[in-house]
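Peer 1: Below is the structure I would like to discuss, written out as C-alpha cells.
The values are calculated or read from the model by the stated rules, or taken from the named source; none is laboratory data. Computed from a prediction, not measured in an experiment: that's the story for all the values here. We place every Cβ from the backbone using ideal geometry, glycine too, and count neighbours over all the protein chains shown.
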Amino acid sequence: MSELNPFQLKAFYVVAKHLNFTRAAKEMSLSQPAVSRQVASLEKSLGLELFIQRGRRVELTDAGRNLYYYSDRIFEYVEQAEQSMSQFKDLERGKVLIGACTTVGGYVLPPLLKAFQERYPNINIVLRMGNSEEIERLVAEREIDLGLIGGPLKNTILYAEPYFQDELVMISSSNHFLKGRKNVKAQEIAGETLIWREQGSASRFLMEQFFADNNLFFSKKWKSGAPR
C-alpha cells in the first residue's frame, strides 16, 4: 500500500469533517474540483472508497470513518505541535542550559538572570558552574547551550565573543609588608606564598601567564588543601 500523502489526507479530513466538498474547499482556500481531485487521488492510492455520494449528501464509508478517526488525531497533534513551536519562537516556553565559571556565575550572572526571568518567566534556565576548562568541555560536548568563562578561549573548535573586561588584583593580610603600596613590582612577590585557583581556572591561567611574562615561576606545592 502506498504511503499516505499529507496534503491528500488533509483534503480528506476537511471534507470528512464537514461532509461537504464546497465547505472543505472554502476552508482550504482551494477550488472544489481541486479538493475532489485530492480525495480521488487518495482513494486511488489506498484502493478504497472513502465517501459515498447520496444525492447531494456525502457520507463516509466504513474505511472512511476509520481513516477519519486517525486523521482527526493526526491533525490535532499537528495543531498542538504548531502551537508548541510558536511558544518556543515567542519565548513563551523553553529551556536554556548555561555554564559559567565560578567568578562569572557567582558575581556577574545573578542580576542578568534575574532580569531575563522577569522578562521571560516561562523559560527554564539551568546553570552549571565549574572552572573555565570544564565549561569549555561542556560546550564542546554539547552538554550546555552557552558557556561563560573568565579568560581566553583554549579550545580552538569553539567561538568566543568578548562580553566585558574585568580586572584581577592581589590582596594581602593587613600586616603584610606590601600593605598600602600602590605600585608593586612583580619581582617583589618572589618567594611569597600564593593562594590561587585549581588547574583549569581562567584566573589561575592568567596569573601564571603574568608571572611567566615576568620570569617568575612558582613551585606548585600543596598545603592544607590549597594550591600554591
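Peer 1: With the checklist (1) farther than 30 Å from residue 124 by Cβ; (2) touching a helix residue (DSSP H, G or I) at 6+ places or on another chain (Cβ under 6 Å) in hand, flag the one item residue 43 doesn't pass.
Peer 2: Result: residue 43 passes all but (2).
Peer 1: I need every pair where a residue in region 173-186 that is within 18 Å of residue 215 (Cα to Cα) has its Cβ under 8 Å from the Cβ of a residue that is of a type outside the set (Val, Ile, Thr), sequence separation at least 6 or different chains.
Peer 2: Qualifying pairs under 8 Å: 184/170; 184/178; 186/210; 186/211; 186/214; 186/216.
Peer 1: Restrict the check to region 124-135 and report whether at least one residue is surrounded by fewer than 18 Cβ atoms within 10 Å (Cβ to Cβ), without any contact (Cβ under 8 Å) to a residue 12 or more places away in the chain and over 21 Å from residue 161 (Cβ atoms).
Peer 2: No, there is no match, as no residue in region 124-135 is surrounded by fewer than 18 Cβ atoms within 10 Å (Cβ to Cβ), without any contact (Cβ under 8 Å) to a residue 12 or more places away in the chain and over 21 Å from residue 161 (Cβ atoms).
Residue by residue, here is whether (1) in the same structural domain as residue 104 (by TED's automatic domain parsing); (2) of a type outside the set (A, V, I, L, M) holds:
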residue	(1), (2)
119	yes, yes
126	yes, no
129	yes, no
140	yes, no
143	yes, yes
159	no, yes
181	no, yes
185	no, yes
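Peer 1: Taking into account only those residues within region 33-73 that are charged (D, E, K, R) and in a strand (DSSP E or B), which is surrounded by the most Cβ atoms within 10 Å (Cβ to Cβ)?
Peer 2: 59
Peer 1: Follow-up. Test residue 76 against the stated conditions and say whether it is of a type in the set (D, E, K, R) and within 22 Å of the chain's Cα centre (by Cα).
Peer 2: no
Peer 1: Another question about this same structure. Please work out if residue 112 is in contact (Cβ under 8 Å) with a residue 12 or more places away in the chain and either outside the structural domain of residue 35 (by TED's automatic domain parsing) or outside any loop (DSSP other than H, G, I, E, B) (or both).
Peer 2: no
Peer 1: Check 16, 40, 11 and return the single one that is free of Cβ contacts under 8 Å to residues at least 12 places away in the same chain and either of a type in the set (Gly, Ala, Ser) or assigned by TED's automatic domain parsing to the domain that holds residue 66 (or both).
Peer 2: Result of the check over 16, 40, 11: 40.
Peer 1: Within the bounds of region 74-96, is there any residue that is out of contact with any strand residue (DSSP E or B) (no Cβ under 8 Å at 6 or more places or on another chain), within 30 Å of residue 125 (Cα to Cα), part of a loop (DSSP other than H, G, I, E, B) and in contact (Cβ under 8 Å) with a residue 12 or more places away in the chain?
Peer 2: yes
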